[in-house]
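In what follows, a single structure is set out as structure tokens and then discussed.
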Amino acid sequence: MKTNHIMSEKILELQSVDAGYNGQRVISEANLEVYDHDFIGMIGPNGGGKTTLLKVILGVLKPFRGKLIYHQIYDADHVKRIGYLPQFSMIDRKFPISALEVVMSGLMPHHGLTRKYSREDKQRARQMMKRMGISHLEDKVVGELSGGQMQRVFLGRAIIGSPRLLILDEPNTFVDNQFEGELYEHLRELNQEMAIILVTHDIGTISSYVKTIACVNQQVFYHHSNVITQEQLSAYNCPIQLIAHGDVPHTVLKRHD
Amino acid sequence: MEIFQYQFFINALWAALFTSITCGIIGTYIVSNRIVFLSGGITHSSFGGIGVGYYMGVNPIWGAAVFSVLSALGIEFFSKKGQLRHDSVIGIWWSFGMAIGIIFIYLTPGYAPNLMTYLFGSILTVSQGDLLFMGLLTGVIVVFFLLFFRMILFISFDESYARVFGMPVTLIKSLLISLVALTIVVNIKVVGIILLISLLTVPQSIANQFTQVFSRMMFYSVGISLLGVVAGLLFSYNQDVPSGASIIFALIVLFGLTKAGFYLRDKLHPHR
């Protein structure tokens with residue numbers, strides 16, 4: 001995996017970042033580099049700072065100390081080429097908005113404050129919904145969608161602006177197994193075009209899709225492989241359960257390459 | 001009908017139109033963003049401005065305008081900076097504004113005329129000056145929503161997403177909450193402080209049964225509140241009961257009827 005980095009361009013890096021809220025440090029001395037075509041599985045216990053780290057990477061939380069450096073992440077319109085799929089719980093399911101409008105809103109950053117959506121925008125949003133396999137849901141209100149359908153809509157919003165880096169915050173909660181499998185296949189395909197950071201609890205399932213693993217528990221340990229053992233996790237001070245799917249954890253993780 | 005010959009009734013109809021447009025649009029924003037309680041707090045704290053207005057001998061509505069905009073921005077500011085629970089801050093401002101109002105009205109020598117108007121509203125006493133004020137705000141709100149509609153929808157639905165892309169979330173939200181405050185102020189004359197929250201929630205809840213699209217919800221709400229206000233006005237005229245209360249009563253009846261209608265439809269055609 002290391003060899004990959006030599007050919008790829010760096011997208012962003014964190015340099016000894018301390019971050020948190022109200023003076024309380026959640027993340028300390030975090031270093032991370034993200035390159036084109038990376039596929040990083042980000043794991044760690046609840047409250048370990050995964051979401052905080054994401055906020056720093058997304059540029060919405062200023063670090064107390066250290067630096068976040070973007071490398072040519074802005075496009076010609078000065079829009080950050082990052083796609084973001086927030087946690088499911090962050091969305092108000094009663095909000096009166098249609099699936100198509102949500103997907104289309106991914107283009108919003110490319111427009112001025114007052115610009116309306118153009119005919120092409122609508123066309124692009126329709127194509128995106130087709131790609132996600134949810135064309136028939138265009139006019140549905142988000143509240144009427146199932147968990148899996150909703151995640152497809154949000155994935156559509158995240159990638160419609162052709163990002164260089166796609167960040168997904170626990171996309172596998174509240175979705176059925178079938179969608180989860182499809183999601184990972186989508187991500188594998190998208191990884192040809194963009195780097196991906198996938199935050200998850202379930203390292204067992206994703207390990208065959210991700211290329212590297214970042215363990216986040218106050219500090220960040222970068223593991224240059226998608227194979228990780230319970231012993232290594234302990235060494236990284238990352239007390240998470242390896243969830244086995246009908247097999248012993250180590251075996252599950254090592255079976256894939 | 002004879003009542004159409006009276007200027008006060010014509011004024012009341014104009015007021016009904018402006019009320020419906022301002023409350024229909026702003027109320028949809030309020031309901032969709034779940035800031036009904038915040039809006040109630042702003043409404044009641046504006047009473048402080050009315051009291052101060054009486055005391056200083058200026059038009060109480062100007063006092064209410066200053067108080068409601070300050071409390072709208074103040075609630076946001078204090079809950080963020082003071083690390084207090086948002087709804088607790090609302091409760092504090094709500095009662096503080098009312099207390100200030102009562103104190104200043106008692107300090108004002110003599111009888112406070114029209115006090116009841118501010119509490120319970122009186123659409124039939126709306127003046128030409130009030131109408132000018134209402135018309136102006138209606139224009140501002142319509143233009144603001146026409147210009148920034150996509151942005152408002154985008155920020156309302158997923159604020160944190162908008163922040164990732166450096167959208168001016170705080171600015172837009174501050175402008176919107178100020179418009180909420182001003183909408184409240186110009187409509188105090190129509191239904192009064194105590195009943196105002198219903199104009200910002202009932203038509204929208206009725207509309208929400210017919211549509212779940214933000215833009216349509218705004219249009220439907222305007223139409224529904226116009227229907228409710230005019231019906232309430234006529235009922236008030238016929239039965240000689242206070243207009244504010246009859247407007248709210250008409251709206252709630254409409255809500256009950258539509259709710260029952262949809263319930264029956266779902267019962268009879270469960271697969272629709």
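Rule-based calculations on the coordinates, nothing more; no lab input. This structure is a prediction, so every number in the text was calculated from the model and none was measured. With ideal geometry, Cβ positions are generated from the backbone for all residues, glycine too; neighbour counts draw on all protein chains shown.
Points worth noting:
- The stretch B:1-73 shape via C-alpha gyration tensor axes, a/c threshold 1.5: oblate
- Here the relative contact order of chain A, from alpha carbon pairs under 8 Å that lie six or more residues apart, stands at 26 percent.
- Across the stretch A:74-90, coupling constants 3J(HN,Hα) worked out from phi with the 6.51/-1.76/1.60 Karplus curve, θ = phi - 60°, read 8, 8, 4, 8, 6, 9, 4, 8, 10, x, 9, 10, x, 5, 3, 5, 7 Hz, and Gly and Pro carry x.
- Spin-label pair residue A:123/residue B:56, simplified geometry with 7 Å Cα→Cβ offset, distance in nm: 5.8 nm
- The alpha-carbon of residue B:80 sits under 20 angstrom from the alpha-carbons of these aspartates and glutamates, leaving out residues fewer than 8 places away in its chain: B:158, B:159.
- If you plug the beta carbon distance of residue A:193 and residue A:138 into 1/(1 + (r/R0)^6) with R0 = 30 Å, you get a FRET efficiency near 0.80.
- Candidate cross-link partners of residue A:140 among the lysines, defined by an alpha-carbon separation under 18 Å and a same-chain spacing of 8 or more, comprise A:94, A:122, A:130.
- As a calculated quantity, the FRET efficiency between residue A:33 and residue A:75 at R0 = 22 Å, using C-beta atoms, amounts to about 0.55.
- Summarising the label geometry, the points placed 7 Å from Cα in the beta-carbon direction at residue B:34 and residue B:211 lie 2.4 nm from one another.
- Distances between placed amide hydrogens fall under 5 Å for residue A:167 paired with A:83, A:84, A:85, A:197, all partners being 5 or more residues away or on another chain.
- Amide H contacts of residue A:173: none lie under 5 Å away among residues 5 or more positions distant or on a separate chain (H built 1.01 Å from N in the peptide plane; Pro and chain starts excluded).
- At full extension, residue B:8 and residue B:81 could sit 21.6 nm farther apart than now, given 0.36 nm per residue minus the alpha carbon distance.
- The stretch B:92-157 and the stretch A:151-214: distance between their alpha carbon centers, rounded to Å: 48 Å
- Each Lys and Arg Cβ is given +1 and each Asp and Glu Cβ -1; about its Cα centre, the protein assembly as shown then shows a dipole of about 400 debye.
- For the stretch B:113-272: rounded, prolate or oblate by the Cα gyration tensor [a/c cutoff 1.5]: oblate
- Three-way shape call for the protein assembly as shown based on the alpha-carbon gyration tensor, with the a/c threshold at 1.5: prolate
- If you plug the beta carbon distance of residue B:175 and residue B:107 into 1/(1 + (r/R0)^6) with R0 = 51 Å, you get a FRET efficiency near 0.90.
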